[in-house]
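**Student:** Let me begin by handing over the structure; questions about it come next.
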Amino acid sequence: MLAKVWSSAVLGVDAYLVAVEVDIALGLPTFNTVGLPDMAVKESRDRVKAAIKNSGFDFPAKRITVNLAPADIKKEGAAFDLPTAVGILAAQEMIRPDRLPRLAILGELSLDGSVRPIRGTLCMAVAAKEAGLDGIIVPAENAAEAAVVEGMPVLGVASLLQTLALLNDEQPLAPTRIDLEAAFAQSADYQVDFSDVKGQEHAKRALEVAAAGGHNILLIGPPGSGKTMLARRLPTILPNLSLEEAISTTKVHSICGLLPPRQALLATRPFRAPHHTISDAGLIGGGNIPRPGEVSLAHHGVLFLDELPEFKRHVLEVLRQPLEDGQVTIARALSSLTYPARFMLAAAMNPCPCGYATDPTKECSCTPLQIQRYLARISGPLLDRIDIHIDVPPVKQRELTGEPSGEPSAAIRERVRCARQLQQERFRRSKIYCNAHMSTRQIRRFCQVDGEARSLLERAMDRLGLSARAYDRILKVGRTIADLAGVEGIQAEQVAEAIQYRSLDRGPRR
């Protein structure tokens with residue numbers, strides 16, 4: 001007796017179809033799973049056996065072999081529980097055979113036969129659609145997520161009994177449908193807003209410039225000056241996610257099991273803030289079984305590194321490739337996986353080990369050598385990828401006690417959106433979409449400065465000792481400031497403002 005059920009598994013951020021082949025033959029009662037299963041897949045035999053018995057069916061006391069094809073790719077997770085149980089029952093001719101070839105079935109089984117949610121449902125629904133299947137059966141809690149894929153009927157089930165009734169046409173079930181616009185509106189709500197921030201107008205302006213041009217930003221200031229509070233509000237002023245971006249972001253969170261229950265899409269830009277003790281595998285992804293890291297979870301959003309010098313140096317160095325390429329490639333002996341990692345980097349640090357080098361009210365106890373060593377923990381190549389360095393001074397007492405008077409995030413986001421539209425039009429024939437990613441050739445073409453602005457830039461290079469690296473960064477940021485102002489050329493006032501955003505290039509902190 002042989003049965004074949006379609007299922008799916010995740011590889012990287014994409015999925016592929018898996019044929020779950022079940023053979024029941026005479027012999028000593030055994031249950032073997034082949035096809036490179038991991039431990040979770042091997043343990044499914046106990047869950048499947050208990051679920052079938054507790055659902056009121058007899059478990060065959062025969063030799064059962066389950067093959068997961070293709071057999072040369074390692075299978076992981078508990079999503080094969082439900083298709084395996086369905087295959088065993090189908091091999092006993094308890095399910096109509098004409099339904100199985102056109103459906104993909106996914107789900108983890110509890111011992112009582114109920115179906116539990118799984119990871120990566122969205123990716124698997126995409127794979128089922130691309131394979132031309134007629135529908136997909138998923139856990140009820142994952143149905144809304146899978147229904148994002150248009151043109152793929154999604155049937156959400158709660159138990160093994162309900163699955164059998166559905167396959168035998170004994171209990172019709174309407175496909176799950178969602179309104180994408182309503183799902184966007186329901187989820188597109190940030191819990192924080194720029195209007196909550198008191199004072200710090202200069203820092204808020206720098207964050208607006210960073211958001212408008214996609215520039216990475218470093219906030220430098222004493223403890224309690226509001227660096228983290230400002231950074232947490234950066235996603236609220238970025239342009240709203242498009243549907244394509246939302247699906248791409250949701251895929252990564254779904255694979256990691258971080259998508260909230262019964263939520264179809266992530267409609268807000270992610271904000272990830274890993275602790276400084278994180279490993280390099282935790283930051284960019286990896287492990288024995290490769291998983292996306294924090295840079296991929298921040299895809300289309302913001303990665304915030306607080307206390308930047310406290311991160312291990314080799315951990316910070318692995319950021320260089322994703323910052324440059326917008327993706328992470330993890331190579332292993334058996335496979336090579338690529339995860340998306342197009343994010344904005346926001347970092348925060350103190351100006352010195354004690355934190356008070358730039359605080360006008362507290363005395364710094366650090367020596368110049370200690371400050372130099374502290375700042376040297378951040379390598380030049382990493383700083384080379386951060387366009388904006390901004391000092392964040394302590395908030396004055398009168399600003400703290402007064403009412404918040406800043407602009408709401410929505411008003412700032414509208415200006416950022418207009419600036420991004422200009423950039424998309426400017427770079428429509430290239431592979432980049434914002435000013436931060438301009439090459440040297442594009443800087444020469446799109447960052448023309450007038451005579452006064454050029455003179456100002458030359459004086460700044462001489463008097464402040466700015467490097468050639470800083471020169472390009474100033475032009476990029478100046479281009480973004482001009483886009484916010486709606487002007488074609490980069491004028492002296494835009495260059496002057498851009499020069500202010502190179503704090504670490506202006507010499508000692510004391």
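The values are calculated or read from the model by the stated rules, or taken from the named source; none is laboratory data. Model, not experiment: these values are computed from the prediction. Positions of Cβ are backbone-derived with ideal geometry, glycine not excepted, and every protein chain shown enters the neighbour counts. Surface areas here come from the heavy atoms of the whole protein model, side chains and all, with no ligands, DNA or RNA. Shrake-Rupley method; radii C 1.70, N 1.55, O 1.52, S 1.80 Å.
**Student:** Mind counting the residues in the range 61-97 that are acidic (Asp, Glu), under 18 Å from residue 164 (Cβ atoms) and surrounded by fewer than 20 Cβ atoms within 10 Å (Cβ to Cβ)?
**Tutor:** Counting residues in the range 61-97 that are acidic (Asp, Glu), under 18 Å from residue 164 (Cβ atoms) and surrounded by fewer than 20 Cβ atoms within 10 Å (Cβ to Cβ) gives 1.
**Student:** Just the residues that are within 22 Å of the chain's Cα centre (by Cα) and part of a loop (DSSP other than H, G, I, E, B), please, taken from the range 166-190.
**Tutor:** 188, 189, 190
**Student:** Residues of the range 348-365 being within 13 Å of residue 378 (Cα to Cα) and part of a loop (DSSP other than H, G, I, E, B), which ones?
**Tutor:** 350, 351, 352
**Student:** If we scan the range 143-165, do we find a residue that is within 24 Å of residue 114 (Cα to Cα), open to solvent by 10 Å² or more (accessible area, probe 1.4 Å), at pLDDT below 90 and not aliphatic (A, V, I, L, M)?
**Tutor:** no
**Student:** Would you check which residues across the range 427-472 are within 32 Å of the chain's Cα centre (by Cα), open to solvent by 30 Å² or more (accessible area, probe 1.4 Å) and not hydroxyl-bearing (Ser, Thr, Tyr) and list them?
**Tutor:** Listed by number, the residues that qualify are 428, 429, 431, 432, 437, 441, 442, 446, 469, 472.
**Student:** Would you pick out the residues in the range 112-140 that are in a strand (DSSP E or B) and open to solvent by 30 Å² or more (accessible area, probe 1.4 Å)?
**Tutor:** 114, 116
**Student:** Do you know which residues across the range 25-43 are surrounded by fewer than 19 Cβ atoms within 10 Å (Cβ to Cβ) and of a type in the set (A, V, I, L, M)?
**Tutor:** 25, 26, 28, 34, 36, 39, 40, listed by residue number.
**Student:** Is the range 396-407 home to any residue that is out of contact with any strand residue (DSSP E or B) (no Cβ under 8 Å at 6 or more places or on another chain) and crowded, with 20+ Cβ neighbours inside 10 Å?
**Tutor:** Checked the range 396-407: no residue is out of contact with any strand residue (DSSP E or B) (no Cβ under 8 Å at 6 or more places or on another chain) and crowded, with 20+ Cβ neighbours inside 10 Å.
**Student:** Picking from 354, 418, which residue would you name as being among the hydrophobic types (A, V, I, L, M, F, W, C), under 28 Å from the mean Cα position of the chain (by Cα) and open to solvent by 20 Å² or more (accessible area, probe 1.4 Å)?
**Tutor:** So the residue among 354, 418 that is among the hydrophobic types (A, V, I, L, M, F, W, C), under 28 Å from the mean Cα position of the chain (by Cα) and open to solvent by 20 Å² or more (accessible area, probe 1.4 Å) is 418.
**Student:** What pairs come out if I take residues in the range 204-218 that are in contact (Cβ under 8 Å) with a residue 12 or more places away in the chain and pair them with residues that are aromatic (Phe, Trp, Tyr) and in a strand (DSSP E or B) whose C-beta lies under 8 Å away, six or more apart or interchain?
**Tutor:** Final answer for the pair search is none.
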